[in-house]
1. Ranked from highest to lowest mean number of other Cβ atoms within 10 Å per residue, what is the order of the peptides 4-11, 48-55?
2. I'm a student and want to see the number: the projected area of the Cα convex hull of the range 91-147, averaged over all directions, in nm².
3. Which whole-Hz ³J(HN,Hα) couplings does the range 133-144 yield from phi under the Karplus relation 6.51 cos²θ - 1.76 cosθ + 1.60, θ = phi - 60°, glycine and proline marked x?
4. Would you work out what percent of the accessible area of the chain, with all protein chains in place, is carbon or sulfur (probe 1.4 Å)?
5. Tell me, what is the percent relative contact order of the chain, built from C-alpha pairs under 8 Å that lie six or more residues apart?
6. May I have the extent of the alpha carbons of the chain along their three principal axes, as whole Å values ordered from largest to smallest?
7. What is the distance in Å between the Cα centroid of the range 83-121 and that of the range 1-78?
8. Would you mind checking K87/K108; K68/K119; K108/K138 for any pair whose Cα atoms are more than 22 angstrom apart?
Amino acid sequence: MKILQITKNKEQYMDLLLIADEQENMIQKYLNRGDLFALYDDDLKTVAVVTIENNDTYEIKNIATYEKYRGKGYGGSMIKYIIQHYKNQCKVLIVGTGENEKILSFYKNLGFTYSHTIKDFFIDNYDHEMFEDGVQLKDMIYLKMGV
């Protein structure tokens, strides 16, 4: 397994990025200003984008694993890599996600704790209703970790 930082032609990963953030114009807002990482284990499994939000805070804006590879530890490996990669560059790492207990538990198991909620984020910022596991996404739940 290897994780590479992608610096050119980031759009070639759009199909996978769209799994975690299903509106391309939202991805375009952070893709070129963020660091893109790709995890390969023979072939591409997972991608993640990390942005600098301020001097102390970096944000995982997008992390996605192809569905057939989920549950095999690739997402967790990517998060652990990101934590190590940025531990001397920022004080806080944050991630925002929808109100999905499975995803929230994933981050909490990696050491993230609740930070804050942005009410109606998905309703106000996307041009269509978004659903995860049959539940409409409304609020953005932010989690944080000191690094």
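1. So the order, starting with the most tightly packed, is 48-55, 4-11.
2. Numbers: hull surface 15.9 nm².
In nm², the orientation-averaged hull projection of the range 91-147 is 4.0.
3. 6, x, 10, 5, 7, 10, 9, 8, 9, 9, 10, 9
4. Details: 3660 of 8100 Å².
The computed percentage sits at 45.
5. Numbers: 245 pairs, mean separation 28.1, N = 147.
Worked out over the chain, it gives 19 percent.
6. The principal-axis extents, from largest down, are 36, 31, 29 Å.
7. 15
8. Details: K87/K108 18 Å; K68/K119 32 Å; K108/K138 20 Å.
From K87/K108; K68/K119; K108/K138, over 22 Å: K68/K119.
The values are calculated or read from the model by the stated rules, or taken from the named source; none is laboratory data. Everything numeric in this text was worked out from a predicted model, so none of it was measured. Neighbour counts are summed over all protein chains in view; Cβ atoms, including those assigned to glycine, are modelled from backbone coordinates with ideal geometry. In case anyone asks, the SASA skips ligands and DNA or RNA and just uses the protein heavy atoms, side chains included. Shrake-Rupley method; radii C 1.70, N 1.55, O 1.52, S 1.80 Å.
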